[in-house]
Amino acid sequence: MKTIIYYYTGTGNSLWTARQLAQELGNAEIHPMTKMIKDGGTPKADAAGIVFPVHMWGVPGLVIQFLKTIQKDSAKYYFAFAVNAGQVSRTLIQLRNLMKSRGLPLSAGFDIVLPSNYIPWGGPGPAEHLQKLYNEAGKKIEAAAKYIAGKETGHIEKGSLWQRIVFTALYKMTYNMIPKMDRNFRVDDKCNGCGTCADVCPVGNILLDSKKPAWQHRCEQCLACIQWCPQEAIQYGKKTPAYERYHHPEIKLKDMMFKAK
Ligand SMILES: Cc1cc2nc3c(=O)[nH]c(=O)nc-3n(C[C@H](O)[C@H](O)[C@H](O)COP(=O)(O)O)c2cc1C
Ligand code: SF4
Ligand code: SF4
């Protein structure tokens, strides 16, 4: 079975998930969603997977944009992995509905819990906790790969009822505000003008102005810029100078060097 896995990632958790899965499945290719958006279509495969981080309790805008590029007959079996920090809420149901409206059946959806990259609320947590999450996620991906290889259908994971009610309302409230949330970023005097922040931005939302990042208000809030800045010179709100930066330890800066435009 030839499988193509499409991913979107800010700090590597989803890319790591996609890689683990590809290894388990065999005969699998991995592509960034941004490339497909740029190329304007998806190649044919027996199965297609969508791996992405949960943002604000739902499907990120970039993934919604990517769904529009999937050609109807490009695969018969579709599966998804919603990578999150413990609050998957209604994300995979939302994804199933979005896909259904385009005539694409979502056969399986898995909730993968990995460390939080949402630095405005704090750092990723102690090393033992992170290791536990990596181990558990690895086991879950292994089991999910068997389900996918058997082309089983119907397993779509979701959060508790209260999560789905409360957080779905919050998702709807915040969704349209996301592009301009980059107004909360600022750069401090540790910045040396290296340009890494602009290079890792998946949507080309950062321009260098006199060697300093200037955000263009088309932000996806993936937080790659703040998390990958080698100088830790980007801040968001007041508290981030004290918070530890995060990216998945097996994902390197060179893995993030792709651009939409
Ligand atoms: C803007 C933003 C919103 C987030 N919202 C959620 C959320 O609603 N639920 C959750 O469990 N994790 C949330 N997270 C955490 C990420 O989903 C989680 O850390 C994920 O593993 C990051 O994957 P990545 O490294 O592939 O970007 C959010 C992160 C960001 C940046
Ligand atoms: S990555 Fe950091 S140090 Fe480099 S230009 Fe951007 S803000 Fe400045
Ligand atoms: S500006 Fe930063 S947070 Fe916004 S999309 Fe680009 S890298 Fe992600």
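Can you pull out every residue in segment 137-158 that is more than 18 Å from residue 52 (Cα to Cα) and either of a type in the set (Asp, Glu) or part of a helix (DSSP H, G or I) (or both)?
Those that are more than 18 Å from residue 52 (Cα to Cα) and either of a type in the set (Asp, Glu) or part of a helix (DSSP H, G or I) (or both): 139, 143, 146, 147, 149, 152.
Considering only residues that are more than 16 Å from ligand 3 (Cβ to nearest atom) and either under 19 Å from the mean Cα position of the chain (by Cα) or among the basic types (Lys, Arg) (or both), look in segment 36-51 and name the one that is most open to solvent (accessible area, probe 1.4 Å).
Selected residue: 44.
Do any strands (runs of 3 or more DSSP E) lying entirely in segment 9-104 carry at least 2 residues that are closer than 19 Å to residue 200 by Cβ, and which ones are they?
28-32, 47-53
Conditions tested, residue by residue: (1) under 21 Å from residue 1 (Cβ atoms); (2) under 21 Å from the mean Cα position of the chain (by Cα); (3) open to solvent by less than 70 Å² (accessible area, probe 1.4 Å).
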residue: 115; (1), (2), (3): no, yes, yes
residue: 124; (1), (2), (3): no, yes, yes
residue: 131; (1), (2), (3): no, yes, no
residue: 151; (1), (2), (3): yes, no, no
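Could you go through segment 25-32 and let me know if any residue there is assigned by TED's automatic domain parsing to the domain that holds residue 140 and in contact with a Ser or Thr (Cβ under 6 Å, 6 or more places away or on another chain).
There is at least one residue in segment 25-32 that is assigned by TED's automatic domain parsing to the domain that holds residue 140 and in contact with a Ser or Thr (Cβ under 6 Å, 6 or more places away or on another chain).
Need pairs with beta-carbon distance below 9 Å; first residue over 14 Å from residue 40 (Cα atoms) and open to solvent by less than 10 Å² (accessible area, probe 1.4 Å) and within segment 52-72, second within 15 Å of ligand 1 (Cβ to nearest atom) and small (Gly, Ala, Ser); sequence gap 6+ or separate chains.
From residues that are over 14 Å from residue 40 (Cα atoms) and open to solvent by less than 10 Å² (accessible area, probe 1.4 Å), the pairs are 52/14; 52/80; 52/82; 58/89; 59/82.
Scan (1) more than 27 Å from residue 226 (Cβ to Cβ); (2) modelled with pLDDT under 95 for the single condition residue 153 breaks and write down its number.
Unmet for residue 153, out of (1) more than 27 Å from residue 226 (Cβ to Cβ); (2) modelled with pLDDT under 95: (2).
Given the options 171, 175, name the one that is touching a Gly at 6+ places or on another chain (Cβ under 6 Å), more than 12 Å from ligand 3 (Cβ to nearest atom) and open to solvent by less than 90 Å² (accessible area, probe 1.4 Å).
Details: 175 fails: touching a Gly at 6+ places or on another chain (Cβ under 6 Å).
Residue meeting the stated conditions: 171.
On the basis of being in contact with a strand residue (DSSP E or B) (Cβ under 9 Å, 6 or more places away or on another chain), surrounded by 14 or more Cβ atoms within 10 Å (Cβ to Cβ) and basic (Lys, Arg), does residue 158 make the cut?
Working: in contact with a strand residue (DSSP E or B) (Cβ under 9 Å, 6 or more places away or on another chain): yes; surrounded by 14 or more Cβ atoms within 10 Å (Cβ to Cβ): yes; basic (Lys, Arg): yes.
So residue 158 fits the description; yes.
Looking at 80, 75 in this structure, which one is among the hydrophobic types (A, V, I, L, M, F, W, C), buried (at least 22 other Cβ atoms within 10 Å of the Cβ), more than 9 Å from ligand 1 (Cβ to nearest atom) and under 14 Å from the mean Cα position of the chain (by Cα)?
Of the residues listed, the single one that is among the hydrophobic types (A, V, I, L, M, F, W, C), buried (at least 22 other Cβ atoms within 10 Å of the Cβ), more than 9 Å from ligand 1 (Cβ to nearest atom) and under 14 Å from the mean Cα position of the chain (by Cα) is 80.
The values are calculated or read from the model by the stated rules, or taken from the named source; none is laboratory data. Quantities reported herein were computed from a predicted structural model and do not represent experimental measurements. Using ideal geometry, Cβ is built from the backbone for each residue, glycine included, and neighbour counts are taken over all protein chains shown. All accessible areas refer to the heavy atoms of the entire protein, side chains included, with ligands and DNA or RNA removed. Shrake-Rupley method; radii C 1.70, N 1.55, O 1.52, S 1.80 Å.
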